[in-house]
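The values are calculated or read from the model by the stated rules, or taken from the named source; none is laboratory data. Bear in mind that the values here come from a model prediction, so they are computed numbers and not experimental data. All Cβ positions, glycine included, derive from the backbone under ideal geometry; neighbour counts span all protein chains shown.
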Amino acid sequence: MQTLSDIIEAEDNSYRPPHIKYETPGGFDLMDLMAFAEHGQPYEWFHKLRAQAPVAWWQPPEHIDVAGFWSLTRHEDVKKCDLDAKRFSSGTGGILMGYSEKAAGPKRLRSAALNSMITMDQPFHIPLRMAHRPFFTPDYIARLQVSVEREVDRLLDKMEAKARKNDGKVDLVTNFSEWLPMFTLCEMLGIDEKDRPKIVRWMHYLEISQYIVTDPDAKVTPLFIMKFLWNIRQMFRYGQKVLEDRRRNPRDDLLTVIATTEVDGEPMNQSYLDGSWLLIIFAGNDTTRNSLSGTMRLLTQFQDQKQMLLDDPNLVPKMVPEALRLVSPVMYMRRTALAEAEFSGQQIMPGEKVVMYYGAANRDPDVFVDPDRMDMHRNNVEDHLAFGTGPHVCLGQRIANMQLETAYRRILDRFPNIAWTGNQRHAPNNFVNAISHLEVDMGLN
Ligand code: HEM
C-alpha cells in the first residue's frame with residue numbers, strides 16, 4: 001500500500017473555481033487561528049454564512065500554503081458529503097486544511113498526520129477500523145466504566161481540596177477535563193501509570209502545533225520552539241518504543257491491536273504506526289476534554305437544564321448529545337471531490353476541496369428549532385453531527401458518551417452548585433474547539 005505522505009500532491013492556493021454561485025460574506029477569517037483563540041467557534045458568523053452562502057468558496061491568502069476550499073454549513077450538505085465517501089475522499093488529500101511541506105516543524109508530525117485510518121479510503125479503511133472494534137464494544141465499555149467512575153471521584157476529591165485553598169475556585173481543564181480522557185485512553189491502550197502525565201503534556205504541544213508550524217507570525221520564543229520540537233520527538237519515540245514492545249510481547253490491549261494489525265497484507269510500516277499512535281492519542285483525548293469543559297459552560301448558561309438534571313439525574317444521557325451538538329468539539333473535516341457533485345445548487349468539480357463545518361451544521365435552524373438554545377428534550381437530540389457520520393464516524397463515540405455521562409452524574413451529585421465563573425481561554429486552533437482554561441466555582445460551603 002502506498003503511503004499518503006509520499007504521494008500527496010502539493011496544494012495549489014491560487015486555484016479559484018470558475019463557477020462560484022454564492023458570494024462569501026466577510027466578518028470572520030476561517031484561517032486566522034488567533035480569531036478562534038479570541039472567539040471560539042464563530043457561531044454568529046456561521047449563521048450568516050449558512051443563510052447567505054451555504055456553500056462558500058474560501059480563498060486562502062497568498063502566504064498560506066493550502067488549497068482553497070468550499071465550506072459547507074448546512075446540516076443537509078454536511079451529512080450528504082460525510083456519507084458519500086466514494087465521491088468525497090479522505091485518502092486523496094487528507095482531512096485537515098492542508099499539510100504544507102514548506103511549513104516549519106517536524107517532518108515526522110506531518111507524515112503521521114497523513115498516514116492513519118482517518119485518512120484512508122476503501123478498501124483499506126474498513127479492515128483497519130474493524131481490527132480496533134473489540135475495544136469499542138458495549139461490553140468492553142461497561143467494564144471500563146467501573147474504573148472511570150473511580151477515577152472521576154479521585155479527580156473530584158483532588159479538585160475539591162485545591163478549590164478549598166482558593167476561595168472555591170479552580171481551573172476545570174487542568175484539574176479534571178484533561179485528566180479523565182487521558183486516564184480512560186491509557187487504560188484502553190495499556191500505558192503504564194508512570195508514563196501517563198507525559199501524554200497530557202504532549203497534548204498541550206499538539207494543540208498549538210498548527211499555530212507554531214503554519215503561522216509565520218506565531219508569537220512564540222525560540223526556547224518554546226525548542227521545547228515543542230523536543231516534546232514532539234519524545235512523543236513519537238515513546239509511541240515507537242511501546243508499539244515495538246507489543247509486537248514482541250503482545251498483551252490484551254489496544255496498543256497490541258495497533259502494533260499487530262496488517263494493512264494490505266503487511267504489518268503497518270513505521271509511518272503508519274506513528275500515524276495510528278498520533279490519531280488515537282489526539283482523537284481520544286482532546287475531543288473529550290473539550291466536551292467535558294464545554295458542557296460545564298453550557299450548564300451554567302442554561303440553568304433550567306442544570307436544574308432538570310439535579311431533579312432527575314437519569315436525564316444525563318439525554319443531556320450529553322445536546323451538549324455535544326452545542327459544543328461540537330471537532331470543528332471540521334476536509335474531503336477531496338473525486339467526481340462532480342452539487343450542494344445547495346453549487347457545483348463541485350473533481351479535485352476541489354470541501355470542508356464540513358460540524359459546529360455550523362449542528363446549529364442549522366432548519367433541523368434544530370431555536371438552535372443556540374440548550375434543550376435536552378428536543379425531539380431530535382440524536383441528529384447532531386458532532387461525531388461525524390458515514391464510514392469514518394467517530395470510532396470512540398461510545399467511550400466519549402460513557403465518560404461524559406459518568407463525569408456529569410458524579411459532578412452534579414457531589415457539587416450541585418458548581419458553576420463556570422465566566423473566565424476561559426481558547427487555544428489558537430481552527431480544527432478542534434480547544435478550551436484550554438475554564439474557571440469554575442465549585443460552590444463549596
Ligand atoms: C466527544 C468526543 C469526541 C468527538 C466529538 C469526536 C469526533 C470525531 C469526528 C468528528 C470524527 C470524524 C468523523 C467523520 O469523518 O465522519 C472522529 C473520528 C475518530 N474518532 Fe472521535 N471523537 C470523540 C472522541 C473519541 C474518542 C474517545 C476516541 C478513542 C478512544 C476517538 C477515536 C476516533 C477515531 C479512531 C476516529 C477515526 C475513525 C475512522 O476514520 O474510521 N474519538 N471523531
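Please go through segment 12-70 and pick out each residue that is acidic (D, E), under 24 Å from the mean Cα position of the chain (by Cα) and in a loop (DSSP other than H, G, I, E, B).
Within segment 12-70, D29, D32, D65 meet the criteria.
On the basis of being of a type in the set (A, V, I, L, M), farther than 30 Å from D375 by Cα and in contact with a Leu (Cβ under 6 Å, 6 or more places away or on another chain), does L278 make the cut?
Here the answer is no, as L278 does not meet what is asked.
Since R237 meets every condition but one in (1) closer than 26 Å to L438 by Cα; (2) modelled with pLDDT of 95 or more, which condition does it not meet?
So the condition that R237 fails would be (1).
Consider segment 182-205. How many of its residues are within 16 Å of the ligand (Cβ to nearest atom) and within 18 Å of L292 (Cβ to Cβ)?
11
Restricting attention to segment 164-177, report how many residues are buried (at least 21 other Cβ atoms within 10 Å of the Cβ) and either within 13 Å of the ligand (Cβ to nearest atom) or more than 25 Å from the chain's Cα centre (by Cα) (or both).
Looking only at that region, the number is 1.
I'd like the full set of residues that are within 30 Å of P127 (Cβ to Cβ) and crowded, with 16+ Cβ neighbours inside 10 Å, limited to segment 1-37.
Selection gives L4, S5, I8, E11.
What tally of residues in segment 67-87 results from selecting those that are surrounded by fewer than 21 Cβ atoms within 10 Å (Cβ to Cβ), in contact with a strand residue (DSSP E or B) (Cβ under 9 Å, 6 or more places away or on another chain) and of a type outside the set (D, E)?
Number of matching residues: 5.
Identify all residues within segment 38-51 that are in contact with a strand residue (DSSP E or B) (Cβ under 8 Å, 6 or more places away or on another chain) and surrounded by 16 or more Cβ atoms within 10 Å (Cβ to Cβ); write none if there are none.
Within segment 38-51, G40, F46, L49 qualify.
Starting from residues that are closer than 19 Å to L298 by Cα and polar (S, T, N, Q), keep the ones in segment 380-409 and report whichever is farthest from the chain's Cα centre (by Cα).
Looking at the filtered set, the residue picked out is N380.
Are any of the residues in segment 123-133 surrounded by fewer than 18 Cβ atoms within 10 Å (Cβ to Cβ) and in contact with a Phe, Trp or Tyr (Cβ under 8 Å, 6 or more places away or on another chain)?
no
Residues are listed down the side, and each one gets a yes or a no for (1) among the hydrophobic types (A, V, I, L, M, F, W, C); (2) at pLDDT 95 or above; (3) surrounded by 19 or more Cβ atoms within 10 Å (Cβ to Cβ):
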residue	(1), (2), (3)
V320	yes, yes, yes
V327	yes, yes, yes
Y332	no, yes, yes
I348	yes, yes, yes
D370	no, yes, no
F387	yes, yes, yes
H392	no, yes, yes
L395	yes, yes, yes
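Could you tell me which of the residues L292, L299 is buried (at least 20 other Cβ atoms within 10 Å of the Cβ), in contact with a Lys or Arg (Cβ under 6 Å, 6 or more places away or on another chain) and closer than 30 Å to M374 by Cβ?
L299
Counting only residues that are among the acidic types (D, E) and within 24 Å of the chain's Cα centre (by Cα), how many does segment 254-279 have?
Here the count works out to 1.
Identify, please: which residue in segment 188-242 is assigned to a loop (DSSP other than H, G, I, E, B) and of a type in the set (D, E, K, R) and is, among those, farthest from L254 (Cα to Cα)?
D217
Hey, can you tell me all the residues within segment 138-159 that are surrounded by fewer than 17 Cβ atoms within 10 Å (Cβ to Cβ) and in contact with a Lys or Arg (Cβ under 8 Å, 6 or more places away or on another chain)?
Hits for segment 138-159 are P138, E149, D153.
Taking the condition of being away from the ligand (no atom under 15 Å from the Cβ) and modelled with pLDDT of 95 or more, how many residues in segment 73-127 meet it?
Within segment 73-127, residues that are away from the ligand (no atom under 15 Å from the Cβ) and modelled with pLDDT of 95 or more number 3.
Having 1 or more residues that are under 23 Å from F183 (Cβ atoms) is the bar; report the helices (runs of 4 or more DSSP H) wholly within segment 83-168 that clear it.
Qualifying helices (runs of 4 or more DSSP H): 125-132, 138-164.
Give the residues of segment 386-445 that are basic (K, R) and either within 16 Å of the ligand (Cβ to nearest atom) or closer than 28 Å to Y332 by Cβ (or both), sorted by residue number.
Selection gives R398, R425.
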